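Reviewing the structure listed below.
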Amino acid sequence: MRCNNVLGLIFAGTLDEKMPDLTSSRTMASVPIGGKYRIIDFVLSNMSNSGINNVGVVATKNYLSLADHLGSGSAYDLSKRRSQLTLLTPYNGSSFSSYPETIYNMHGYIENSREEYVLLSPGNIISNFDCTDLFGFHTKKNADITVIYNKMVVPSGYDRPMTISVDDNGRVNRLFLNPQKTDTVENVVFGAILLKKDLLMQEINQALAVNQKDIKNIIQAAVGKYNVYGFEDKGYTAAITSNQDYFNFNMDLIKKEVRDALFNPQRPIYTKVRDDAPSRYGLTSSVKNSIIAQGCVINGEVENCVISKGVYIGEGAKVSNSIIMQDTKIGCNTNLNYVIIDKDVKIQDGRSLMGYDSYPVYSKKICSLMEVKSNENFILRI
């Protein structure tokens, strides 16, 4: 069942505050990931592959990088006559100060859309999900609201996570806010919700009338009022809530089983195309267990790394367990281990930068210098 009667809404700034380094000049959804993608590519591709032809991307601030990446939506097959991708930005920051207020201030866009349903999705989730299965489940159960959940341990970066209990028929009988975090597998809801747009606007208007601005409380109250069902996403899912989550996911992506779960030829993940030449490997290069994007020049040793487009690694350099974003230049005889390096950084010859698997070092370009941040101690020899 195609989802061409569903409006997609993606909230690009989900949990920006949890990753202040990586989101200082971009939204969470536009953070580079996996060497050639942005986080938003996954949820946006899921919608496009499922027949959702009208998608709005909500961005509060720092959205120039996002706008440049999304363009007209042609990379996602969303720029045709009856399909469109719209970047929704506020007239002023206060209009998007909370989730319900954000939806309310977009009421014209939502109410004037031709679709009957709306799928709300956070911008920090990575999965390859078939929305047609969700829509089929929703209509079969005659549900008013359907939430997507994953059976997993609650990610540590969520301050107020949502978990649910469901009966054998999939109906939600209880929704828990901020349960005690344990190592127990729970039915975790990240915030993806399917419902009719009329019901959405009705609930938002009623909530704001009593100054209720917490979307999680609104969802919790709906469990007792409506037919609320839970749909389990049984595929691989990663929630990016911290620099550590970001680092761990990129390292997981090196594993073949994770790549196979995320990159399904039947449901491809789209992204903005950048025309680079194939990567070149010098006589002194050595690459092991790494993802190397196009346009790179590798003359040093690379192991357990994710290397983005246009990266240069000089002779004698040793780069291990690291994420290097696009167009970064790493000089000769450098030693990098457990680091996250943002785009356009230049590491001078002979430098050493080392973090730990549980505390990766973060580096970004500031003028001609290099800023380094981590959660704990690191070694920096300049």
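The values are calculated or read from the model by the stated rules, or taken from the named source; none is laboratory data. Being a predicted model, the structure only gives us computed values, none of them experimental. Every residue, glycine among them, receives a Cβ derived from its backbone with ideal geometry; neighbour counts consider all protein chains shown.
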- line: For residue 216, the lone unmet condition from (1) part of a helix (DSSP H, G or I); (2) modelled with pLDDT of 90 or more; (3) among the basic types (Lys, Arg) is (2)
message: For region 139-160, check the following and say yes or no: at least one residue is closer than 17 Å to residue 189 by Cα and assigned to a helix (DSSP H, G or I).
response: no
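Residues in region 55-64 that are surrounded by fewer than 24 Cβ atoms within 10 Å (Cβ to Cβ) and at pLDDT 95 or above: how many? Outline the logic, then answer.
Here is the first cut: in region 55-64, the residues surrounded by fewer than 24 Cβ atoms within 10 Å (Cβ to Cβ) are 56, 60-64.
Still in the list and also at pLDDT 95 or above: 56.
Qualifying residue count for the region: 1.
Being in contact (Cβ under 8 Å) with a residue 12 or more places away in the chain, crowded, with 17+ Cβ neighbours inside 10 Å and either under 24 Å from the mean Cα position of the chain (by Cα) or over 20 Å from residue 50 (Cβ atoms) (or both) narrows it down to one of 169, 142, 150, so name that one.
Numbers: 169 fails: crowded, with 17+ Cβ neighbours inside 10 Å; 142 fails: crowded, with 17+ Cβ neighbours inside 10 Å.
The unique qualifying residue is 150.
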- request: Go over the candidates 147, 223, 228, 210 one by one and state the one that is farther than 27 Å from residue 264 by Cβ, at pLDDT 95 or above and of a type in the set (A, V, I, L, M).
  value: 228
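Quick one: which of 328, 284 is polar (S, T, N, Q), more than 18 Å from the chain's Cα centre (by Cα) and more than 23 Å from residue 363 (Cβ to Cβ)?
Values: 328 fails: more than 23 Å from residue 363 (Cβ to Cβ).
Criteria check complete, one pass: 284.
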Odd one out for residue 72, checked against (1) at pLDDT below 95; (2) in contact with a strand residue (DSSP E or B) (Cβ under 6 Å, 6 or more places away or on another chain); (3) polar (S, T, N, Q): (2)
Total residues in region 1-49, condition in contact with an Asp or Glu (Cβ under 6 Å, 6 or more places away or on another chain) and farther than 18 Å from residue 86 by Cα: 1
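Could you count how many residues in region 43-71 are under 13 Å from the mean Cα position of the chain (by Cα) and more than 18 Å from residue 18 (Cβ to Cβ)?
So in region 43-71, the residues under 13 Å from the mean Cα position of the chain (by Cα) come out as 43-46, 57, 66.
When the remaining residues are screened for being more than 18 Å from residue 18 (Cβ to Cβ), the result is 44-46, 57.
The total comes to 4.
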task: Enumerate the pairs (first residue in region 208-237 and within 22 Å of residue 186 (Cβ to Cβ); second residue anywhere and part of a loop (DSSP other than H, G, I, E, B) and among the polar types (S, T, N, Q)) with beta-carbon separation below 7 Å, excluding pairs fewer than 6 apart on the same chain, so at least 6 apart or on different chains.
output: 218/212; 235/128
query: Can you spot a residue in region 98-108 that is in the same structural domain as residue 56 (by TED's automatic domain parsing), modelled with pLDDT of 95 or more, within 30 Å of residue 252 (Cβ to Cβ) and within 20 Å of the chain's Cα centre (by Cα)?
result: no
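When region 181-199 is examined, which residues are found to be over 16 Å from residue 142 (Cα atoms) and either assigned to a helix (DSSP H, G or I) or not hydrophobic (A, V, I, L, M, F, W, C) (or both)? Before you say what the answer is, go through the steps one by one.
Filtering region 181-199 for residues over 16 Å from residue 142 (Cα atoms) gives 181-192.
Passing the criteria: 181, 182, 183, 184, 186, 187, 191.
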- request: Kindly state which strands (runs of 3 or more DSSP E) lie completely within region 219-335 and contain at least 1 residues that are in contact with a Phe, Trp or Tyr (Cβ under 9 Å, 6 or more places away or on another chain).
  value: 228-232, 237-239, 286-288, 318-320
